[in-house]
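Each remark here refers to the structure printed beneath this line.
The values are calculated or read from the model by the stated rules, or taken from the named source; none is laboratory data. Just so it is clear, the structure is predicted and the values come from calculations on it, not from any experiment. Methodologically, a virtual Cβ is constructed for each residue, glycine included, from the backbone with ideal geometry; neighbour enumeration extends over all protein chains shown. Accessible surface areas use protein heavy atoms only, side chains included; no ligands, DNA or RNA. Shrake-Rupley method; radii C 1.70, N 1.55, O 1.52, S 1.80 Å.
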Amino acid sequence: AMEFDELAEDYDAIIKPMQPVDQKYKKKLPVCFGPITDKNVEQVKTLNRSIFPVKYNDKFYNDVQNSGNYTQLAYYSTDILVGAICCRVEKKEDTSRLYIMTIGVLAPYRCCGVGTSLLEKCLNLAAEDADIDEAYLHVQTSNTDAINFYKRFGFEVKDKILNYYKRIDPPDCFVLSKQFARRSQ
């Protein structure tokens, strides 16, 4: 069994977003987008560490850097990194799937349309790509806000995986998927 101390770090990260946050902005925030590069990958790591209860490994960031334009960073006032969508393209025979690994926005900038803008930009790129026929992601079963957020963009719950997450409770996830209409060859 895991000792409480080992879990403490993860636990702190999980409860952090639930605490009331002073929302800086109440309306839609104008953001500009940029790709992930060797120059800003450390910024993205810092951003993700402050948002998510898990620390992602180097393979995660290598996949993200190889995803082309699907990984997008959101900047406020042209240079303040406030959010990111991190993706991986999975090729299988003659088709590809877009796996949305994370989408996160710093707490003071949430509820201002930043996450929506990031997801829309990513899905629009995928819809234009004849090779990509599906976008999918995993969501913790208890995260109804995220599930409802993705449903607004045409995602549907396709599957449930028990014990997907190692250190968070509940450990189960739903697989949400959005199909893109295949262009006739």
Quick calc, the range 26-185, dipole around Cα centre from Cβ unit charges on Lys, Arg (+) and Asp, Glu (-), nearest 20 debye, gives 500
Length-normalised contact order of the range 90-185, Cα under 8 Å, at least 6 apart, in percent, tallies to 28
Rounded to one decimal in nm, the spacing of the 7 Å Cα→Cβ label points at residue 39 and residue 59 is 3.1
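How big is D for the range 27-185, in µm² s⁻¹ as a whole number, if Stokes-Einstein is applied with the Kirkwood radius of its Cα pairs at 10 °C and 1.306 mPa s?
This corresponds to a translational diffusion coefficient of 98 µm²/s.
Taking K and R as +1 and D and E as -1, what net charge do the other residues with C-beta under 11 Å from the C-beta of residue 36 add up to? Working shown, then result.
Working: positive: 39, 45; negative: 38, 42, 63.
Its environment carries a net charge of -1.
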With a 1.4 angstrom probe the carbon and sulfur portion of accessible area for the range 67-158, in percent, totals 45
For the range 88-133, the Debye formula with one identical point scatterer on each Cα and no solvent gives log10 I(q)/I(0) at q = 0.15, 0.18, 0.23, 0.27 Å⁻¹ as -0.47, -0.61, -0.82, -0.97
Heavy-atom accessible area with a 1.4 angstrom probe orders 131, 94, most exposed first, as 94, 131
Scoring only Lys, Arg, Asp and Glu (+1, +1, -1, -1) among other residues with Cβ under 11 Å from the Cβ of residue 92 yields -4
Once the in-chain neighbours fewer than 8 apart are removed, the lysines whose Cα is under 29 Å from residue 28 read 16, 39, 45, 121, 151, 178
Mean accessible area per residue over the range 73-114 (1.4 angstrom probe, all protein chains present, square angstrom) is 42
Loop-resident GluC sites (Glu not before Pro) in the range 23-108 with no more than 10 other Cβ atoms inside 10 Å, DSSP not H/G/I/E/B, are 93
